[in-house]
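The structure appears below as structure tokens.
Please treat every number below as a calculation from the coordinates, not as lab data. Just so we're clear, the structure is a prediction, and the values are computed from it rather than from any experiment. Here Cβ is always computed from backbone atoms with ideal geometry, including for glycine, and neighbour counts include all displayed protein chains.
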Amino acid sequence: MVAKNSRCLFTQYSFSYSIYLRFEQTSMVYIENLQDFVGQTVTLKGWQANMRTGKGLLFILLRDGSGFCQCVVNEEEVGEELFSALKASTLEASMEVTGLVKADERQIGGYELQVTGGTVVNESVDYPISNKEHGVEFLMDKRHLWLRSRKQWALMRVRNAVSFEIHRFFQENGFVQMDAPILTPNAAEGTTDLFDIDFFGRPAYLSQSGQLYGEAMAMAMGRIYTFGPTFRAEKSKTRRHLSEFWMIEPEMAFYDNEKNMELIEDFIRTVVLRVIDKCKFELTEILERNLDMLRMVEKPFPRIPYTEAVKILQGKQEVNGKTSISILEEELKATQTHISENQAEITDKESLIAAGGIKKGKLNWMKNRVAQLKAENKDLSEQAENIPQWIESARNFKDGADFGGSDETVLTKLFASPIMVYNWPTKIKAFYMKEVEGNADFVKGVDLLAPEGYGEIVGGSERETDINVLLKKIEDHGLPQEVFEWYLDLRRYGSVPHAGFGLGLERLITWISGTRHIRETIPFPRMYGRAEP
Ligand code: 4AD
């Protein structure tokens, strides 16, 4: 359909394009549609992502935002002038190339363009990001350019697919999307991490969550979801925290926490499986994600009450014959073995390199391999140092406390699929969570923890409906009652049981893509210590 359209479009505008083409009028197509054009002559427009040269030949890796395609330029075919112009082009120079599409499974994307004509649109002199390793702070400073590189491109495509599939899931299931305000007069999730602003002389805050407004809308619409930016002023520099992140918050009238958990499970499973399907190339070829691990979402998500999760974490309760402590000890041994094996290979390759006499291609490969092994060993050593600390903190975990990042990591190690921890201590959760009947020490909250060390990606609960309990909690949390009057109205007029949850978009993308740090999953991250570019 898209391919057809692009051909029609071309017929309309071919006149203006034709000045660039040397040999014949062709249609401009996107790389992702090349399968529809095998054996035809097309024009691709994009940027040079890499170039190799041979005798009278250029192999230009072109990227156009929709994919990558190797373009083979033969001097005899295109003539000396164009050949020289293309040969002189540098990394990220923009260009248009016309040529014959050939299927070639060995090439990235599966197609190749045999160039017959083209033009350089704009040069790119001294592009600051090269194919060598750069420090992450440098890359973050150059985020506006870094977005063009292969891994970042793949991550942004995954982000796009995740957003689309989230909307699709809710739209197909009868939810109404709503936009909650970003400027708010009150806190939703505690007062310690609010960004305050001056709203025409009165205090206001950047929204931490759209939930309270979502509750109002659910009473009007039945089932709603928000999809918007939220802000937390936590001064934490972890790989899971952003100051500005996107949250998806469904809210459902007449739902209890059981139904809430069913929805979370169905939602996460559906989105993850659809994204795997849609982004197979990005996930496997570029991000090297192990899809078998992700496909574990097909299994039921274990639901574990908080008090049981604490026992599992402390190593006092087994899961499938293992305890958290035994699994960590095994992992420590395996990590140490892995480090020694890598070190042996590094020593071996370094002595071969030092001995000399290796051909250039092989030598480069060996040097890259050594660099890769060293980087891997740096991560592994960090892990080997962390594990004994994790064991200590798991053993000594205090019943009643909130799980920290490493506690979540340890807990999820015992399970292959995501887990849901529910019925949390009242003391550590937000004011709006419903108390467990007959036990005011616990509330009907639920957190979904992703496996492989990714930790909490969803937090939700059934909401308190008893206005007197709410009034007391607002007071206990030191919140000003007057700004919550509108929220209390929801309990005064036709109050019903209801529940909902919040999914951190970037946390989900980090897990799906297998990325180490959350900062790479959002185009322009805002986090403690960084607000530029
Ligand atoms: O658990 P949280 O704080 O829950 C709420 O805000 C509720 N109002 C949600 C609801 O019931 N409607 O946050 C929900 C999710 C977390 O599970 C996490 O995925 C993400 O938001 N999140 C963050 N993501 C990135 N950086 C941060 N600083 C985050 N804080 C929370």
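Observations on the model:
- Test: residue in region 464-475 that is hydrophobic (A, V, I, L, M, F, W, C), within 35 Å of the chain's Cα centre (by Cα) and under 25 Å from ILE248 (Cα atoms): yes
- Residue ranges of strands (runs of 3 or more DSSP E) in region 417-478 with at least 3 members within 11 Å of the ligand (Cβ to nearest atom) and in contact with a Lys or Arg (Cβ under 7 Å, 6 or more places away or on another chain): 455-462
- Region 189-212 - residue that is among the acidic types (Asp, Glu) and closer than 14 Å to THR230 by Cα and, of those, farthest from the chain's Cα centre (by Cα): ASP196
- ARG295 in contact (Cβ under 8 Å) with a residue 12 or more places away in the chain, within 12 Å of the ligand (Cβ to nearest atom) and closer than 24 Å to THR409 by Cβ: no
- Subset of region 343-397 (residues that are of a type outside the set (D, E, K, R) and within 30 Å of THR307 (Cα to Cα)): GLN383, ALA384, ASN386, ILE387, PRO388, GLN389, TRP390, ILE391, SER393, ALA394, ASN396, PHE397
- Residue match in region 153-163 (condition: more than 20 Å from the chain's Cα centre (by Cα) and either away from the ligand (no atom under 16 Å from the Cβ) or surrounded by 14 or more Cβ atoms within 10 Å (Cβ to Cβ) (or both)): no
- Counting the residues of region 28-44 that are in a strand (DSSP E or B) and crowded, with 20+ Cβ neighbours inside 10 Å gives 3.
- Considering residues of region 344-400 that are surrounded by fewer than 14 Cβ atoms within 10 Å (Cβ to Cβ), among the basic types (Lys, Arg) and more than 30 Å from GLU330 (Cβ to Cβ) only, the residue farthest from the chain's Cα centre (by Cα): LYS359
- Contact annotation: residue pairs with Cβ atoms under 9 Å, 6 or more positions apart or on different chains, pairing a residue in region 174-188 that is closer than 17 Å to ILE224 by Cβ with a partner that is away from the ligand (no atom under 13 Å from the Cβ) and part of a loop (DSSP other than H, G, I, E, B), are GLY174/GLY222; PHE175/GLY222; VAL176/GLY222.
- Any hit, region 265-273, residues being surrounded by fewer than 22 Cβ atoms within 10 Å (Cβ to Cβ) and within 16 Å of the ligand (Cβ to nearest atom): yes
- Residues of region 164-217 satisfying the condition of being within 26 Å of THR521 (Cα to Cα), crowded, with 18+ Cβ neighbours inside 10 Å and within 12 Å of the ligand (Cβ to nearest atom): ALA180, ALA188, GLU189, SER207, GLN208, SER209, GLY210, GLN211, GLY214
- A search for C-beta distances below 7 Å between a residue of region 207-219 that is more than 11 Å from GLY502 (Cα to Cα) and any residue that is part of a helix (DSSP H, G or I) and of a type in the set (Phe, Trp, Tyr), counting only pairs 6+ apart in sequence or on different chains, returns LEU212/TYR487.
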